[in-house]
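The values are calculated or read from the model by the stated rules, or taken from the named source; none is laboratory data. No experiment lies behind these values; they were computed from the predicted model shown. In this analysis, Cβ positions are derived from the backbone assuming ideal geometry, glycine residues included, and neighbour counts consider all displayed protein chains.
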Amino acid sequence: MAFSSREGTLYIEEVSAVELARELGTPLYVTSKRKLDENLKSYREAFPDALVFYSVKANDNLAIMKIVSSYGFGAEIFSNGELYLALLAGFERSKILFNGNSKSPEEIRMALRTGVVFSVDSIEELDNLFEIANEEGKTPQIAFRINPGVDPKTHPKVATGLRESKFGIPIERAQEAYEKALKLRMKPIGIHFHVGSQILDLSVYEAALTGIYDLPARLEKMGIDLEFINIGGGLGIDYTGSGAPTPKELANRVKPIFDEITSGLKSKPKLYLEPGRSIVGNTTVLLTRVNLVKNAYKKFIAVDAGFNLLIRPTLYGSYHRVAVANKMDKFEEETYTIVGPICESGDILAQDRKLPKVERGDLIAIFDTGAYGFAMSSQYNGRPRCAEVLVNGKRWDIIRERESILDLLARQRIPEWLF
Ligand code: LLP
């Protein structure tokens, strides 16, 4: 088991959360390699014929990415920085997909030199790419990101396939995009979409594939040899304990319609997908120490992590399960709201939760924080970022050092006239 309770203490594999926090201090992100392996294997088993591109934005820790790349997965990147990290983590160049709706000339240049496949987000972006590809003497392999205009039935801030979303090319203009690419002598080889994140209703993927239904055949008629259709990421995870679809269930829903769309094609395109959250989300807990318990109009537990380290609850109203890591066997008798140290009333990590009686010094664990947790952290309110640890059986390793006050100063300059 990746996470368990032993004699009242939370364990991450064979390592006690209480001892880790004592030794390394808090706040602390702790990732279970065992859980990560489980998730990676379940994708590999569910999609033996597909190529999985890990979405780097979910968690760009190099150690974690190295484990992902060891499975032969590719990487889905959205910036120069992510490209650099993906290369360092050992992802093969030919298995890197460069997405993005606003790529800078520098990013395009670096990606061209690295030789990755581009997902072009707009017809307008083709001009930028064409110009720089010419200068570099390259013929980029490209896909277009199509917006099939479907409702992913998820939080509006993580819905990307709606008609009004900034991402992708309206399906009605898809053919025009490919025609232009051919005219510019680029190499269109794929179709891409990504309709949203934390998707729990799998019919969304069917709707998106239905949205592009006859496009592959139309492209073939234009002389395009499709190498892949990329259905994006987005598979939701079980934050609340009420269940979430597995990669296998996703495969069962997607494969029949994918086969239907592609069966008549001469070029047998591969299925690509780009999961982030469903690979790393449930691998990690955030450990945070109780500074005090406050009795006001409500009972507040004030901890040492806030939205500087986990912004999902503040930004999206997201629910994360919590537990008292040193009182796992105690009866849940009080209702608390867990808040961070940030000077904003929106700094709430968990609202109205039933927990055992909590005291100063207790250790709170916030679950399912491996995706978009540390990755979205900041130094707001003068708080250096916390450390990250990887647990593998009995051993643990620091995979990102805790920042210090010096990191707050790192790039700052005071003009001499201010001295
Ligand atoms: N592909 C593309 C083009 C994406 O934009 C994303 C995520 C993914 C793949 C991976 O999606 P996933 O499998 O992780 O759902 N910060 C938000 C989520 C933002 C997702 C952005 N795009 C959150 O914490 O819920």
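Some notes on this structure:
- Checklist (1) assigned to a loop (DSSP other than H, G, I, E, B); (2) among the β-branched types (Val, Ile, Thr); (3) within 16 Å of the ligand (Cβ to nearest atom) applied to Ile64, failing item: (1)
- Qualifying residues in the stretch 257-287 (those that are in a strand (DSSP E or B) and farther than 30 Å from Val324 by Cα) - the one farthest from the ligand (Cβ to nearest atom): Lys270
- Residues of the stretch 232-252 satisfying the condition of being in a helix (DSSP H, G or I) and either in contact with a strand residue (DSSP E or B) (Cβ under 6 Å, 6 or more places away or on another chain) or polar (S, T, N, Q) (or both): Leu250, Asn252
- Met186 being surrounded by 19 or more Cβ atoms within 10 Å (Cβ to Cβ), at negative phi, assigned by TED's automatic domain parsing to the domain that holds Val116 and more than 16 Å from the ligand (Cβ to nearest atom): yes
- Across the stretch 368-384, the number of residues qualifying as within 28 Å of Pro275 (Cα to Cα) and buried (at least 19 other Cβ atoms within 10 Å of the Cβ) comes to 8.
- Among residues that are out of contact with any Lys or Arg (no Cβ under 9 Å at 6 or more places or on another chain), in the same structural domain as Lys270 (by TED's automatic domain parsing) and either buried (at least 16 other Cβ atoms within 10 Å of the Cβ) or closer than 30 Å to Ile237 by Cβ (or both), Asp151 is included.
- Members of the stretch 232-244 found to be at negative phi and within 12 Å of the ligand (Cβ to nearest atom), listed by number: Gly233, Leu235, Gly236, Ile237, Tyr239, Ala244
One line per residue, one yes/no per condition, for (1) over 30 Å from Ile257 (Cα atoms); (2) buried (at least 24 other Cβ atoms within 10 Å of the Cβ):
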position: Tyr272; (1), (2): no, yes
position: Leu286; (1), (2): yes, yes
position: Ala296; (1), (2): yes, no
position: Thr314; (1), (2): yes, no
position: Lys327; (1), (2): yes, no
position: Thr337; (1), (2): yes, no
position: Gly346; (1), (2): yes, no
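- If you check Leu97, Leu85, Leu129 for being more than 16 Å from the ligand (Cβ to nearest atom) and either of a type outside the set (D, E, K, R) or surrounded by fewer than 21 Cβ atoms within 10 Å (Cβ to Cβ) (or both), only one passes: Leu129.
- Whichever residue in the stretch 18-52 is hydroxyl-bearing (Ser, Thr, Tyr) and not in a strand (DSSP E or B) and, among such residues, is surrounded by the most Cβ atoms within 10 Å (Cβ to Cβ): Tyr43
- Residue match in the stretch 118-125 (condition: within 14 Å of the ligand (Cβ to nearest atom) and of a type in the set (Val, Ile, Thr)): yes
- Of the listed requirements (1) more than 15 Å from the ligand (Cβ to nearest atom); (2) of a type in the set (D, E, K, R); (3) closer than 26 Å to Phe78 by Cβ, Asp201 misses just one: (1).
- Wholly within the stretch 314-419, strands (runs of 3 or more DSSP E) carrying at least 2 residues that are within 19 Å of Asp304 (Cβ to Cβ) and within 16 Å of the ligand (Cβ to nearest atom): 348-355
- Checked across the stretch 2-10, the condition of being in contact (Cβ under 8 Å) with a residue 12 or more places away in the chain, outside the structural domain of Leu235 (by TED's automatic domain parsing), of a type outside the set (S, T, N, Q) and buried (at least 22 other Cβ atoms within 10 Å of the Cβ) holds for at least one residue.
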